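Written below as structure tokens is the structure these notes are about.
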Amino acid sequence: MKLYYNPRSRAAIAKWALDECRAGYELVHVDLQKREHKTPEFLRINPAGKLPALVDGAIQVFENAAICLYLAEKFPQAELAPLPSSPERGRFLSLMVYSVAQLEPSMGDSLLKLETPPSRGWNDFETVKTVVEGELGAGPWLFGDQFTMADIMVGSMFMWQRLWGTRTGRPALEAYVDRLQARPHAMKMG
């Protein structure tokens, strides 16, 4: 497998997922300053011209949530997702999508100090944080004692927020991020 990667990009999330799977892979460094992500060769892998992108033989996957779902299926022994027959599977899939459809855009609005009008397809950041707190419950992870790809997707957003120099203002979420950052394979950026 090859992960097209730059440590200062969202590809750090896909790398974290690969590391949690203990997968063998090659990092293919993409120089964003030289716009290597916009070359015709790279656009054949990811037509959006963004990182990350994963190539596994003839299979090409882009976008972190898709890569995490792919890896969870490819490495079931890592136990990073409830089984398809599990009653928790629907909640898992919902949280995977929630991370990119609600959490990420609402956090972006918050970081840029933009109001989130009701006409947007996502809630304001305070509402989203309340939802995540509810899903986390007593933790330590979103699925109790089972760490999953949903923790990578949801948790990475709050880790990015810290990089921007802000915090959630929610003790339960801050403790969750601290636990995530303490994991041996936790996302590293920069």
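A compact table of results
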item: Residue list for region 1-18, filter: in contact (Cβ under 8 Å) with a residue 60 or more places away in the chain, part of a helix (DSSP H, G or I) and more than 17 Å from GLU104 (Cβ to Cβ); result: LYS15
item: Residue under evaluation ALA101, criteria (1) surrounded by 19 or more Cβ atoms within 10 Å (Cβ to Cβ); (2) not in a loop (DSSP other than H, G, I, E, B), criterion not met; result: (1)
item: Failed item, numbered, when PHE42 is tested on (1) touching a Lys or Arg at 6+ places or on another chain (Cβ under 9 Å); (2) among the aromatic types (Phe, Trp, Tyr); (3) over 25 Å from PHE92 (Cβ atoms); result: (1)
item: Residue match in region 43-51 (condition: within 21 Å of TYR25 (Cβ to Cβ) and in contact with a helix residue (DSSP H, G or I) (Cβ under 7 Å, 6 or more places away or on another chain)); result: yes
item: Residue tally, condition assigned to a loop (DSSP other than H, G, I, E, B) and either outside the structural domain of ILE13 (by TED's automatic domain parsing) or not charged (D, E, K, R) (or both), over region 27-78; result: 13
item: Qualifying residues in region 48-72 (those that are surrounded by 11 or more Cβ atoms within 10 Å (Cβ to Cβ) and free of Cβ contacts under 8 Å to residues at least 12 places away in the same chain) - the one nearest to the chain's Cα centre (by Cα); result: ALA66
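The values are calculated or read from the model by the stated rules, or taken from the named source; none is laboratory data. Please read these numbers as outputs of a predicted model, since none were measured by experiment. Every residue, glycine among them, receives a Cβ derived from its backbone with ideal geometry; neighbour counts consider all protein chains shown.
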